[in-house]
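Asker: My questions all concern the structure below.
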Amino acid sequence: MKRFQFRLEPVLRLKKIKEDQKLKELSELVAEVNLRKSEIDSNETRIRSLSSTELSGSTDLREYSYLQTYMRQLLTRNSELENEIRSFDEPVEKKRTEVSEARKEKKVLELLKETRFKEYMHSYRKAERVQAEERLLTDLYRKQREEAYGGDRSKRDPKVFTYDTGGIERTGTEDAGLSELRKLYERYKK
């Protein structure tokens, strides 16, 4: 029996490529969001470290003013980054939906492939079983004939050859083997 071949394998490969592409696009968007979140975290760490530092008596008012201005800039930058993150919500959700759809399409083809493979294996095992039964029966009949007739080959059953008629439909009145025998007889009669 020939090897299992899924006819829609190229389509399945294309679906996998499409899913990988959608995942890559989603990961790029999520990477952008994570980059902004890490910047917010680092800004908040700076703000905490600056607000926890003790001002010494030698620090003048100008340095304190610069420090407050810098902290306000960090807070403003954080609010801008949070707005940017919110602006990514819709595209990220859209990409997640696309990835989900691509996975569903691929999963349908994978399930179809699994079903076809199970059908193939069922028919393969059935054909193997039939062949094994035929070999067993042939050996059994041969042994029975040898036991019954011994070494006398003249009393053995003649070998039977079958002819595959292909997909041709025949009525019950016609004998396919007989017509083939006639053809052979006519051919070799000359």
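The values are calculated or read from the model by the stated rules, or taken from the named source; none is laboratory data. This one's a predicted model, so the numbers in the text were calculated from it and none came from an experiment. Cβ atoms come from the backbone with ideal geometry, glycine included; neighbour counts cover every protein chain shown. Side chains included, ligands, DNA and RNA excluded: accessible areas come from the protein's heavy atoms. Shrake-Rupley method; radii C 1.70, N 1.55, O 1.52, S 1.80 Å.
Asker: One residue is enough: does the stretch 6-27 have a residue meeting the conditions open to solvent by 80 Å² or more (accessible area, probe 1.4 Å), out of contact with any strand residue (DSSP E or B) (no Cβ under 9 Å at 6 or more places or on another chain) and outside any helix (DSSP H, G or I)?
Answerer: Scanning the stretch 6-27 turns up at least one residue that is open to solvent by 80 Å² or more (accessible area, probe 1.4 Å), out of contact with any strand residue (DSSP E or B) (no Cβ under 9 Å at 6 or more places or on another chain) and outside any helix (DSSP H, G or I).
Residue by residue, here is whether (1) open to solvent by 60 Å² or more (accessible area, probe 1.4 Å); (2) within 48 Å of the chain's Cα centre (by Cα); (3) closer than 30 Å to Val99 by Cβ holds:
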| site | (1), (2), (3) |
| --- | --- |
| Val30 | no, yes, yes |
| Asn43 | no, yes, no |
| Arg48 | yes, no, no |
| Leu61 | yes, no, no |
| Glu80 | yes, yes, yes |
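Asker: Is it the case that some residue within the stretch 65-75 is of a type in the set (Val, Ile, Thr) and either farther than 23 Å from Ser38 by Cα or surrounded by 11 or more Cβ atoms within 10 Å (Cβ to Cβ) (or both)? Spell out the reasoning first.
Answerer: Here is the first cut: in the stretch 65-75, the residues of a type in the set (Val, Ile, Thr) are 69.
Next, from what is left, pick out any that are either farther than 23 Å from Ser38 by Cα or surrounded by 11 or more Cβ atoms within 10 Å (Cβ to Cβ) (or both): none.
No, the conditions are met nowhere in the stretch 65-75.
Asker: Touching a helix residue (DSSP H, G or I) at 6+ places or on another chain (Cβ under 9 Å) and outside any helix (DSSP H, G or I) - does that describe any residue in the stretch 89-108?
Answerer: No, the stretch 89-108 has no match at all.
Asker: Anything in the stretch 74-95 that is β-branched (Val, Ile, Thr) and in contact (Cβ under 8 Å) with a residue 12 or more places away in the chain? List them, or say none.
Answerer: Of the stretch 74-95, the ones β-branched (Val, Ile, Thr) are 76, 85, 92.
Of everything in the stretch 74-95, those that are β-branched (Val, Ile, Thr) and in contact (Cβ under 8 Å) with a residue 12 or more places away in the chain turn out to be Ile85, Val92.
Asker: Only one of these is within 26 Å of Arg13 (Cα to Cα), open to solvent by 90 Å² or more (accessible area, probe 1.4 Å) and of a type in the set (Val, Ile, Thr): Val92, Val108. Name it.
Answerer: Values: Val92 fails: open to solvent by 90 Å² or more (accessible area, probe 1.4 Å).
Answer to the selection: Val108.
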